[in-house]
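Novice: Below are the structure tokens for one structure; questions will follow.
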Amino acid sequence: MTNLVPRRSVVAAAVSAVLIALASACGDDGADVSLSEAGERGRDISSSNGCAACHGSNGQGGVGPTWVGLAGAEVELVDGTVVVADDAYLVRAIAEPSADLHAGFTLQMPSNGLTDSEIADVIAYIEDLSAESGGG
């Protein structure tokens with residue numbers, strides 16, 4: 001019986017180490033990103049208007065394209081053309097979701113009622129995510 005106590009301690013320590021490692025690895029996919037004031041508003045807008053449901057709670061993507069590293073990157077459209085995700089593209093993609101369909105994503109983004117100011121804030125958020133990732 002005396003040998004069980006050290007084994008239990010080792011097992012408990014190993015389980016604790018694994019749990020800590022898993023918690024660290026899971027992270028929160030960008031919650032520590034430094035955001036501008038407009039970027040913070042954009043994050044809030046994307047969360048409250050359903051954008052985050054497809055693009056991820058921190059822009060990491062999902063059923064919709066990632067926003068991390070998007071600003072300034074090349075984007076392939078379903079027709080095979082490649083465009084740069086500049087401000088004009090991002091405005092068009094948000095304001096007119098069916099205008100330029102991103103290749104590789106079968107779910108079409110729904111129309112939204114975002115104002116020009118809200119779209120600008122969402123773009124600021126996308127740009128902040130891109131700057132933090134080393135893109136844009």
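Coordinate-derived values only; no laboratory data. Note that this is a predicted model, so its numbers are computed, not measured. Cβ sites come from the backbone with ideal geometry, for glycine too, and all protein chains shown count toward neighbours.
Novice: Scan region 88-126 for residues that are out of contact with any Gly (no Cβ under 6 Å at 6 or more places or on another chain), under 19 Å from Glu40 (Cβ atoms) and of a type in the set (D, E, K, R) and jot them down.
Specialist: The answer is Asp116, Glu118.
Novice: Another question, if that's okay. What are the residues in region 80-109 that are assigned to a loop (DSSP other than H, G, I, E, B) and within 22 Å of Asn49 (Cα to Cα), if any?
Specialist: Ala85, Glu96, Pro97, Ser98, Ala99, Asp100, Leu101, Phe105, Thr106, Leu107, Gln108, Met109
Novice: In region 76-119, how many residues are charged (D, E, K, R) and surrounded by 12 or more Cβ atoms within 10 Å (Cβ to Cβ)?
Specialist: 6
Novice: Quick one: in region 45-75, which of the residues that are crowded, with 16+ Cβ neighbours inside 10 Å and without any contact (Cβ under 8 Å) to a residue 12 or more places away in the chain is farthest from Ala124 (Cα to Cα)?
Specialist: Of everything passing the filter in region 45-75, Gly61 is farthest from Ala124 (Cα to Cα).
Novice: Still on this structure, please answer the following. Restrict the check to region 70-83 and report whether at least one residue is under 17 Å from Leu35 (Cα atoms), within 10 Å of the chain's Cα centre (by Cα) and of a type outside the set (Asp, Glu).
Specialist: Of all residues in region 70-83, those under 17 Å from Leu35 (Cα atoms) come to 70-71.
Remaining after also requiring within 10 Å of the chain's Cα centre (by Cα): 70.
So of that shortlist, the ones also of a type outside the set (Asp, Glu) come out as 70.
Yes, the conditions are met somewhere in region 70-83.
Novice: Determine, yes or no, whether Thr66 is out of contact with any strand residue (DSSP E or B) (no Cβ under 6 Å at 6 or more places or on another chain), part of a loop (DSSP other than H, G, I, E, B) and under 18 Å from Glu40 (Cα atoms).
Specialist: Criteria met by Thr66.
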